[in-house]
1. Could you figure out which of (1) farther than 30 Å from P319 by Cβ; (2) surrounded by 10 or more Cβ atoms within 10 Å (Cβ to Cβ); (3) more than 18 Å from the chain's Cα centre (by Cα) isn't true of G189?
2. S299 fails exactly one of the following numbered conditions: (1) open to solvent by 40 Å² or more (accessible area, probe 1.4 Å); (2) in contact with a Leu (Cβ under 8 Å, 6 or more places away or on another chain); (3) at pLDDT 90 or above. What is the number of that condition?
3. What are the pairs with Cβ atoms under 8 angstrom where one residue, in the stretch 104-133, is among the polar types (S, T, N, Q) and the other, located anywhere, is at pLDDT 95 or above and exposed (fewer than 13 other Cβ atoms within 10 Å of the Cβ)? Sequence gap at least six, or different chains.
4. Have a look at R54, R16 and point out the one that is over 21 Å from S237 (Cβ atoms) and modelled with pLDDT of 95 or more.
5. I'd like the full set of residues that are surrounded by 15 or more Cβ atoms within 10 Å (Cβ to Cβ) and under 19 Å from the mean Cα position of the chain (by Cα), limited to the stretch 211-226.
6. Any idea which of A281, A247 is out of contact with any helix residue (DSSP H, G or I) (no Cβ under 9 Å at 6 or more places or on another chain), among the aliphatic types (A, V, I, L, M) and crowded, with 20+ Cβ neighbours inside 10 Å?
7. Checking V105 against (1) assigned to a loop (DSSP other than H, G, I, E, B); (2) buried (at least 18 other Cβ atoms within 10 Å of the Cβ), which test does it fail?
8. Tally the residues that are assigned to a helix (DSSP H, G or I) and open to solvent by 60 Å² or more (accessible area, probe 1.4 Å), restricting the search to the stretch 23-68.
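The values are calculated or read from the model by the stated rules, or taken from the named source; none is laboratory data. From a predicted model like this one, the values you see are computed outputs, not experimental measurements. Positions of Cβ are generated from backbone atoms using ideal geometry, with glycine treated the same way; all protein chains shown enter the neighbour counts. Side chains are part of the model used for accessible areas, which takes the heavy atoms of the whole protein and leaves out ligands, DNA and RNA. Shrake-Rupley method; radii C 1.70, N 1.55, O 1.52, S 1.80 Å.
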Amino acid sequence: MESKYMADDVRNAPNRVDGVAKVTGKAKYIAEWKFPNLAYGYLVHSTIAKGKIRTIDSSEAEKLPGVIKVLTHLNTPKFAKAQNDRAHRPLQDDVILFSGQAIGVVVAETFEQARYAASLVKVTYEKQVPETDVHKLLDKAIAGRPRPDRGNPTEAFARSEVKIESEYTIPIEHHNAMELHASVANWDGNKLTIYDKTQGVNGVRGYLASIFGIPQNDIIVLAPFVGGGFGSGLRPSPNTFLTPLAAREVKRPVKIVYSRRQVFTAHGYRPYSIQKIKMSADRSGKLTAIIHEAVNNSSTNEDSIEGIVGISRNLYACPNVR
């Protein structure tokens with residue numbers, strides 16, 4: 001039987017601006033947009049997690065019917081970076097930072113031709129041993145980190161009447177929405193139009209302006225509908241850079257759409273975390289101390305911290321908090 005409160009909630013809920021278009025199939029997602037004379041790109045991925053590319057041979061792929069160009073670090077233009085910009089930018093060098101890293105783009109007349117040609121690109125590597133076990137790196141991760149205290153949480157916890165202490169782990173979780181990540185880009189002289197799966201069009205515009213060295217006013221970023229983001233579109237993905245790059249190189253509009261498998265490796269995810277929590281209270285239930293320590297895995301080239309402990313610091317009225 002329907003709850004009265006549920007019925008009231010439905011009646012009083014605001015309508016989503018894009019709701020009707022999405023549930024009736026009228027919404028047009030990024031991978032569905034086209035420009036005249038469109039070409040299709042497909043990413044080539046690293047099969048190791050750390051090291052360098054020793055050789056990359058795209059000659060077999062380039063001979064296939066329909067293949068227009070194969071881009072690798074050997075023939076891709078190099079773009080200057082700001083001194084403090086540590087973000088990964090694909091095809092700029094031979095360094096492998098993570099498993100599944102984009103190391104090439106095949107551009108062809110059809111998606112099928114591009115995808116098959118990508119499978120023929122041959123790569124050899126100089127492998128290095130990656131560090132992926134967070135538990136083995138805990139001392140390194142914690143060293144030198146600030147531990148701001150409110151009050152004296154260690155002393156308050158020790159003398160409290162009621163205490164709990166526990167440890168939790170959260171696994172890596174991928175934002176694998178039904179809508180695949182995709183970009184469709186077209187140049188008109190030095191002006192760029194790009195459809196991109198993003199949760200921040202202004203961020204994409206600034207990102208591309210800084211790379212290609214053109215004014216932001218010469219870039220139009222369109223994201224009419226987002227099928228699902230969950231944070232995966234908060235910052236530009238490799239396709240956001242590689243699609244307009246490929247379009248500029250072949251002098252045609254280009255579309256790049258990730259495969260379902262590529263969504264697991266081609267952009268970020270919610271990291272693995274280890275959380276140690278101590279909480280104490282008096283007999284009335286009033287909190288006397290909170291100690292919440294968390295560590296998450298991150299990349300080797302950027303330092304990204306999951307904001308796990310911020311809620312514990314700010315949400316509860318407690319005099320002693322770390």
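1. (2)
2. (3)
3. Q113/P65; T124/R54; T124/T55
4. Values: R16 fails: modelled with pLDDT of 95 or more.
Result of the check over R54, R16: R54.
5. I211, V221, A223, F225, V226
6. Working: A281 fails: crowded, with 20+ Cβ neighbours inside 10 Å.
The conditions single out A247.
7. (1)
8. Taking the stretch 23-68 first, the residues assigned to a helix (DSSP H, G or I) are 23, 30-32, 59-62.
Now narrow it down to the ones that are open to solvent by 60 Å² or more (accessible area, probe 1.4 Å): 23, 32, 60, 62.
The qualifying residues number 4.
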